[in-house]
Protein chains: 2
Amino acid sequence: MKRTKAAQSEATTGRLLAVAREHFTRDGYAAAATERIVAEAGVTRGALYHHFGNKLGLYRGVLEQVHAEVGQRVEAAAMTEQDPWQALQAGCRAFLEVAADADVQRIMLLDAPAVLGWAEWRAMDARHSMRHLQEQLELLAQEGYLHPLDTEALAYMLSGAMNEATLWIATQENPQRALQKAADSLHRLLAGLAV
Amino acid sequence: MKRTKAAQSEATTGRLLAVAREHFTRDGYAAAATERIVAEAGVTRGALYHHFGNKLGLYRGVLEQVHAEVGQRVEAAAMTEQDPWQALQAGCRAFLEVAADADVQRIMLLDAPAVLGWAEWRAMDARHSMRHLQEQLELLAQEGYLHPLDTEALAYMLSGAMNEATLWIATQENPQRALQKAADSLHRLLAGLAV
DNA sequence: TTATTATACATACAGGCTGTATGTATAAAT
DNA sequence: ATTTATACATACAGCCTGTATGTATAATAA
């Protein structure tokens, strides 16, 4: 069986990313051993270091996937609404639902800031989910719906509030109910921004 | 020179905590080597494991200190105001200022959630800073100043917003100005909660 | 006062994990 | 057909944590 190098490479990196994602979710970054990841992926650590450079590189790859998925789903939800306010609300609500996944919580919210540092973590987030949030806020501001505030500061604070909310929701015995409470609270907070 | 065991113990744990705090702040939890910490503290790893059980135990000790300091300063600021709304605002503002310290940012905000897990991190926070926040919200709710909302959900979201805000502020070239922007935004968000 | 016990460490060792250096087979390019 | 580059596998060195064991001294009991 002959395979092209590109195909071989893609197959290996794909398996590594998939297995690593499970391990990073279940064990966390520190306790996830590269030896166990590569064994489950059917390769050796040589392959990992060839494709990703080091353990951190593999983590970046996984994190990029998670961020991209979250960003897509949030954007999709926001785009169903025409009214800017409704779009913002829909996007926020979608985030609260999407971020309920264990992968998102452990990898993207809990470990990533400590592993990559806040700046790199935020930079990656900015390329995906949070960019939409700030754009939406700026749109509202330009159309005069918003009190005169710094949209950047606002975006970070709202993002932080939602991140914390999803982690809180996940610990509640009735997550559905907790989600509603968080959404209500968020709704009220956003209401304070409107003129 | 004869020393009592209790005094000896206190002196050693004190030095270990002080040195560890510096290392955890500068290097982060993962990269802080116990060997280097004990060397700088003038003891061996035997002492560390005797008093703190393991590296995580030492981290818990440091974190408890940081949390306690932050909690005290926030409470002190809040207590200067009589009006519940003013007290809440003052406490929030104080937190934004106190959490500008590198120790607080790296240890308490960035690493702790990943190292201890969200539940234990929040439990420790609840015993210090966040307890005041929720109490204040409940006070406001009971006196009818607040829209009917879940104060627990609200407390987590506001806490998350402020945590993120301080980390953002620290990256801005003009932190003083950024602090003001964040405080303004927070003020507006809180305004949405009032009836 | 003396014998015993418990505390506060120091030292030595074992195991795990990351990163690097090196070797090899095969696809791609010349 | 030969050279080169890619995609790995293997072996090794170094660091770091936790544990097991030894020891001196303060606290306690007899």
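Here are some notes:
- In chain A, the sites counted are GluC sites (Glu not before Pro) in DSSP loop states with at most 12 other Cβ atoms within 10 Å, and the longest stretch holding none of them, exclusive of the sites, is A:1-142.
- Distance from the Cα centroid of segment A:128-195 to that of segment A:41-119 is 18 Å (rounded to whole angstrom).
- Computed magnitude of the charge dipole of chain A (debye, nearest 20; Cβ of K, R +1, Cβ of D, E -1): 900 debye
- Placing dummy labels 7 Å off each Cα toward the beta-carbon, the span from residue A:33 to residue A:72 is 3.4 nm.
- 10 Å Cβ shell holding at most 12 others, DSSP loop, trypsin sites (Lys or Arg not before Pro): longest site-free stretch of chain A: A:4-195
- Near residue B:63, once Lys and Arg are set to +1 and Asp and Glu to -1 for all other residues with Cβ below 12 Å from its Cβ, the sum equals -2.
- Proximal charge balance of residue B:15 [Cβ under 13 Å; K/R count +1, D/E count -1]: -2
- Diagonalising the gyration tensor over the Cα atoms of chain A and scaling each eigenvalue by 5 before taking the square root yields semi-axes of 36, 18, 14 Å, largest first.
- For residue A:9 and residue A:86, the FRET efficiency from 1/(1 + (r/R0)^6), where r spans their Cβ atoms and R0 equals 41 Å, is about 0.40.
- The protein assembly as shown: C-alpha gyration tensor shape, a/c 1.5 cut-off, then a/b vs b/c: oblate
- Cross-link reach list, lysines versus residue B:5, counting only Cα pairs under 24 Å and skipping chain neighbours closer than eight places: B:55
- Most positive-pole-ward Cα, B:171, B:20, B:190, against dipole of chain B from beta carbon charges: B:20
- Across the copies of the chain, residue B:102 has label points (7 Å from Cα along Cα→Cβ) spaced 3.8 nm apart, shortest distance listed first.
- Closest approach to the B/A rotation axis among chain B Cβ atoms, residue and whole-Å value: B:192, 1
- Around residue B:36: net Lys/Arg minus Asp/Glu count, Cβ-Cβ under 15 Å: +1
- Segment A:79-195: C-alpha pair distances exceeding 18 Å, %: 51 percent
- GNM on chain B, alpha-carbon springs under 10 angstrom: the most fluctuating residue among B:119, B:87, B:68 is B:119.
- Residue with peak Gaussian network fluctuation, chain B [Cα springs, cutoff 10 Å], from B:46, B:160, B:61: B:46
A short reminder: the numbers here are calculations on the coordinates, not readings from a lab. Quantities reported herein were computed from a predicted structural model and do not represent experimental measurements. Reconstructed Cβ throughout: ideal geometry from the backbone, glycine too, with neighbour counts over all protein chains shown.
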